[in-house]
Amino acid sequence: MVRDGEFRSGAQWARDFTERWWAERGYCFACHSDDRLEVLENNAPCWDFRCRACGHPFQLKGSLNKSGTTVQDGSYKVMTDYIRRMMSPTFVLLRYTRDRTVPQVAAVHCVFITKDAIVPRKPLTARPSYVMCSVRLADIPMQAKISVVENFSFVKKDKVREQFQKLSSLENRQVKGRGWMALILNLTQRLPAGNFRVDDLLAFRNEIEKQFPDNRHVREKVRQQLQFLRNAGLVQFVDNRGTFRLTGNPVASRLLL
Ligand SMILES: [Zn+2]
């Protein structure tokens, strides 16, 4: 049986190892600075690292195994507050092994860490007032789950940054707008590959209305999101008669599926 002290020291080891690993090799995806990231010492609860050049914040999460469908995070209140103030960090999820290797690293772009993707966890009996949260990976669009290390090797920085910076162009959208765009991208993934039309997305009208019950103009809103996504280069207009397709073949990091 693993005693509490041993467990804690194991968790501490993992924390130290992953933090040091990323401090030595990590870089900013949001700009072209190759400087080492600044390590933040517990002064911002959701931020572990920050780019010295552009200030972009990152939160590091280590896992020993494939992380599954959710990522466990800290305080629900703090995280939702960060999201409301549009300060949520980009998540860096790092899978490590006991023999100190790192087979996979993936990033989740901050613009799609939305309120809808954060769920409260059941509090521990010992601390009933402290509610932690989980990030539901299924609610994060494929385009935001970016592969940084695959099979022990780093993906080319240019490729990572290109994918990341497309999403950064959506950062000027307010909190609710980000939720809309995430939902539309997620719904497009459920359509057959290839071209689609607004009507295809409206087949999910019930789900859309459930998430945004106040909206009376669903069709116009969906069309508007597609325009925003086109401006970011994530969606293409195939013709002027309302036919769309996703740009490229978005592939999510395998760590985050
Ligand atoms: Zn930067």
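The values are calculated or read from the model by the stated rules, or taken from the named source; none is laboratory data. Keep in mind that this is a model prediction, so the values were computed, not measured. Neighbour counts are summed over all protein chains in view; Cβ atoms, including those assigned to glycine, are modelled from backbone coordinates with ideal geometry.
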**Study point:** Residue pairs meeting the criteria (Cβ under 7 Å; at least 6 apart or on separate chains; first closer than 23 Å to D199 by Cβ, in the stretch 239-252; second loosely packed, with under 13 Cβ neighbours inside 10 Å)
**Key:** R245/G194
Check your understanding: Mind checking which residues of the stretch 34-48 are over 21 Å from S134 (Cα atoms) and either at pLDDT 90 or above or in contact with a strand residue (DSSP E or B) (Cβ under 6 Å, 6 or more places away or on another chain) (or both)?
Key -> D34, D35, R36, L37, E38, V39, L40
**Study point:** So L229, is it under 16 Å from the mean Cα position of the chain (by Cα) and within 30 Å of C54 (Cα to Cα)
**Key:** no
Revision key, fill the gap. Flagged in the stretch 56-77 as assigned to a strand (DSSP E or B) and either under 10 Å from the mean Cα position of the chain (by Cα) or touching a residue at least 60 places away in the same chain (Cβ under 8 Å) (or both), in numbering order, are T70, V71, Q72, D73
Study note, to complete from the structure: The correct count of residues that are away from the ligand (no atom under 15 Å from the Cβ) and either part of a loop (DSSP other than H, G, I, E, B) or not hydrophobic (A, V, I, L, M, F, W, C) (or both) in the stretch 19-39 is 4
